[in-house]
Every structure is written in C-alpha cells, then in structure tokens.
1. Evaluate E = 1/(1 + (r/R0)^6) for residue 124 and residue 246, where r is the Cβ-Cβ distance and R0 equals 41 Å; express this FRET efficiency to the nearest 0.05.
2. Towards the positive end of the charge dipole of region 326-439, with charges on Cβ (+1 Lys, Arg; -1 Asp, Glu), say which of 429, 382, 338 has the farthest Cα.
3. Quick check for me: using +1 on Lys/Arg Cβ and -1 on Asp/Glu Cβ, what's the dipole size of the chain about its Cα centre, in debye to the nearest 20?
4. Which of the trypsin sites (Lys or Arg not before Pro) found in region 144-234 are in a DSSP loop and have at most 14 neighbouring Cβ atoms, other than their own, within 10 Å?
5. Please name whichever of 118, 195, 228 sits farthest to the positive end of the charge dipole of the chain, dipole taken about the Cα centre and charges placed at Cβ: Lys and Arg +1, Asp and Glu -1.
6. Do any GluC sites (Glu not before Pro) in region 377-423 lie in a loop, going by DSSP, with at most 11 other beta-carbon atoms within 10 Å of their beta carbon, and if so which?
7. If the reach is capped at under 27 angstrom between alpha carbons, list the lysines near residue 139, excluding any in the same chain fewer than eight residues apart.
8. Compute for region 93-211: radius of gyration divided by Kirkwood radius, i.e. Rg/Rh, restricted to C-alpha atoms, rounded to two decimals.
Amino acid sequence: MTQFTKNDLAYFGGPKAIPERDDSLFHWPIVTDEDIAAVRDVLVAGNMSGTGITKEFEKEFAQWNGARFALGCCNGTASLTAAMWACGVGAGDEVICPSLTYWATCASALQLGATVNFADADPVSLCIDPNDIEHRISKQTKAIVVVHYCGTPVDMDPIMEIARRHGIKVLEDVSHAVGSLYKGRKCGTLGDIAGMSMMAGKAFAIGEAGMVLTNNRELFERCIAFGHYERTGAPSRFNPPDAQITMPSLLPYIGLPLGGVKHRMNQTCAAMGRVQLKYYQERIEEIDRTMNWFMDRIEAEIPGLIGHRPTTPGSTNGGWYVPCCHYDPAAFGGCSAGLFSDLIRAEGMHCVNGINNPLHLHPYFHTADIFHQGCPTALAFGQRDVRQGEGACPVTEAVTDRTIQVPWFKHCRKEEIEKYVAGFVKVATFVRENPGFIAEK
C-alpha cells in the first residue's frame, strides 16, 4: 500500500488531487437551446402568469410518474403546504415528520395551527424510521410526512400499513427524489399525496417551482382550492373557466383561494419543465451509473466509507440529490467527519460533514410565537406538547458526525472520476496511518 506523509496532502501545502476542476462534470441543470427557446417564447408572448403551458406540463409529469393528477405550484414549500391542508391538517392537529430534513417539509404545519411530532431517522437509509412512528400517533394526528432523503426511498410498505390501520394520510416529500424508485414504483405515487421542490439546486431543476402529485381526486381539488383561485372553475377577466372543483363543500368558495395565498407556477418554469422532462430519465440514468460506480470504487478502496444508497431490490436513488457516505470515525483512528472533510476539500473536491441539522431542536418548533399570541405557536391552538430536546432522536443528532457529502457527478467520465477516488484514498490512508496527526488537531 502506498504511504503518504503530510507533504503529500494539499491541506499541508502538498499537491492537490484535483488541481483544476472541470466544472462541466458537475454543472446542473443541463440547459440547451431548446430550454432557452421554450422560456423565451413565454416571455415574448407575455404569458408568464397563464396556465395553459403549466397544464400541459402537469399532464406530462403525471403520466411520467404514473399518477392521475399533478398540480404545478410556485415552489416546493407551497406544494407541501397545500398537500398538508388537503390532508385535513388544521388547528390543534399533529403531523409526524422526520427530524432529518429541510424546514420546508413541515414548518407550514405551524402556519396551519398544528404541531410537529418528530421521528428519528433509520441509520442506514437516513429516512424516517418506520419503527419510530406508531407510538407517536394520537387522536390529533392527521398525517405522516415522509422524506425520500438524498434521493433514497423511504421504506414505504410498513408506513402505509401503519397509516391505513390508524386512518391517517401519508404525505411524501419528493424534493430530493424525483425519479427515484421504490420496489419499481416512482416515489411520489406511493402515499396519498406528494409535494416536491423543483428549484434550481434540485435533481429535477426548472427554476423556482413545485408540484403536487396524487391519485386522489378529492385531495387534488383541495390543493386547487387552497391556493389556485384561477383553477377552481370560476371565470375571471384573465382566465377562462377551468372546470376543476366538483366537491360540494368547496363549491361556495370558488373564485378565491381558501388559503389566502397564490400558488400558481410561473410559466417560464413550466415551459422549461416540459423540456427537462423529455431528457430527465436519460440524464438521471447516467448519474445513477456514475454515482454507483464511484461508490463501488470508494467502498472497495476505503473501509469505513459506505455509500448512502438503497438496499431494497428495485429501488434507486434517482438523480442522487446530495450524495453522501456513511463515515465511521473508528475506521480512521478517531478522526472526526469534520476534519476528514477539511482534508478532502483541500484536495480540490467537494466534501462537508453532515447534511441537515436536527429540526426537533430548532427554536422555531419550541418557542416561536408566529401569530403574536403570547405563547409558542406549537401550543397555541390546543396541540399536545410534543416538543423534544437533545437525545430524543439520537440517529438524527449523530448524522453530522457520521456522514460526509461527496462530489455529485453528472457524467460518466471514469478516467476523470478516478482522480477523485485517488484523492479520497490519499487522505484516508494518511489519516489511518497517522493517528498522531489526529491527536495534534
């Protein structure tokens, strides 16, 4: 095995493994003249706030996913808020949600007058642990919110069984996992309803947009009623009638959004989305081949690093949004994930330890008084006090010390990627063979 000294590491002034990074290996989304022309046509026509192009995108996106209904939204947060309201979440209610996620997954529960009962993550998938859900269910629980974290599908079968037994809805956050498969089925079609972000940093990236997916007509109509005044069926001076709402309980309100918000997708995003969807499957298949090859190489060369990827047959990581590895400090002489990441970054590669911070510890869910009521909003509408402190979700709380993010390759150029593997091997070998260095740090 090759020996490495401090002089070999870029962190100490040695040569970088990647002296000049080829950004085309990582650039995303892939924007071509076809995307630009589609967006330009919307701009030239002055049709940014219409719905015709968005409806076509919705149809195509629903068909590609194998869902009955899709509804375009202005962003992922809006789609998740509408889906939560559609599931019946309101004042005094609870939702169960993983603590290991981005705030937009569940923060709007408080906006609806509900509270969040956070569940821990599974140590392998990093998604919500199916074994940490049922004991959290109460009479106030309206929905289980699951997140296909970093593209890896949630183990949905046991969660759906729990939800059906208790008569509660399952909402999928698919922001990380557009195109991911769970046992051969696309994420977003597994629960009762799904919401997702399509902002510029995601795997399916079309600007600043979101989408609702569902096979349930009632939930679909409720999402329209919540934030789409121009899609309810009432004519306006700007849009023709759109016969969507049929539910008697919603008919008196058509013409105004029940949520008092406007969730309409900008049609520049819809136009780009139609183009991106045409090539998305082909592009994420290349990403999947590339990232699996990279993870295979890392695991073969570096004991103590294990790629975060699905273990269930027929399941995939889709576009591999935020690829990461499980990191075992003991395999590297006690070197922390943070220090290991610093060493890797110095070599010219992306690497940080951890992903999202535990939401169950954030003051927003403990003390924030959003509506100026003189008490925490998490308790202001008769909710149970389900606030949690340190130690409540131990797997989630340890993620920063047990994971590292790795480069997100978009193209299968193995000769170039092998240099990244070599850089990881150099750092890992040095750390393992020089425990004195760790003591110094």
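The values are calculated or read from the model by the stated rules, or taken from the named source; none is laboratory data. Keep in mind it's a predicted model, so treat the numbers as computed, not measured. Here Cβ is always computed from backbone atoms with ideal geometry, including for glycine, and neighbour counts include all displayed protein chains. Areas reflect the complete protein model, heavy atoms only, side chains present, ligands, DNA and RNA absent. Shrake-Rupley method; radii C 1.70, N 1.55, O 1.52, S 1.80 Å.
1. Details: r = 44 Å, r/R0 = 1.06.
Calculated value: 0.40.
2. Looking along the dipole axis, the top candidate is 429.
3. Taking the Cα centre of the chain as origin, the dipole is about 860 debye.
4. Loop-located and lightly packed - 183.
5. The residue sitting farthest along the positive end of the dipole is 228.
6. Working: sites: 390, 397, 415, 416, 418; in loops: 390.
Listed in order of number, the matching sites are 390.
7. 169
8. Using Cα coordinates only, the ratio equals 0.94.
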